[in-house]
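Engineer: My questions all concern the structure below.
The values are calculated or read from the model by the stated rules, or taken from the named source; none is laboratory data. These numbers come from a predicted model, not from an experiment. Here the Cβ positions follow ideal geometry from the backbone for every residue, glycine too, while neighbour counts run over all protein chains shown.
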Amino acid sequence: MDEGPFLKEERKLIDTVADFLGHIIQYRLSEIQLKKRLDELEIFHKSTVGCELKMMELEKEVN
């Protein structure tokens, strides 16, 4: 009766599965956030490398 319509063992299984699914969802969300940050970092890197190359070209022209 303490476990509602489920046996004690069934309640424990349900709780374990729910906890496991929660971890999987959190992991997936973390993966999505990490990919987003990596994409942002790649864009930043490309822009800084592009600026550096332009600066090197300008320096050559000045010299």
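Engineer: Kindly check whether there is at least one residue in region 37-47 that is among the small types (G, A, S) and at pLDDT 95 or above.
Structural biologist: Here is the first cut: in region 37-47, the ones among the small types (G, A, S) are 47.
The next check asks that each one be at pLDDT 95 or above; those that pass are none.
Within region 37-47, not a single residue is among the small types (G, A, S) and at pLDDT 95 or above.
A quick yes/no check of all residues on (1) part of a helix (DSSP H, G or I); (2) touching a Leu at 6+ places or on another chain (Cβ under 6 Å); (3) surrounded by 10 or more Cβ atoms within 10 Å (Cβ to Cβ):
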| residue | (1), (2), (3) |
| --- | --- |
| P5 | no, no, no |
| E9 | yes, no, no |
| L13 | yes, no, yes |
| G22 | yes, no, yes |
| S30 | yes, no, yes |
| D39 | yes, no, yes |
| T48 | yes, no, yes |
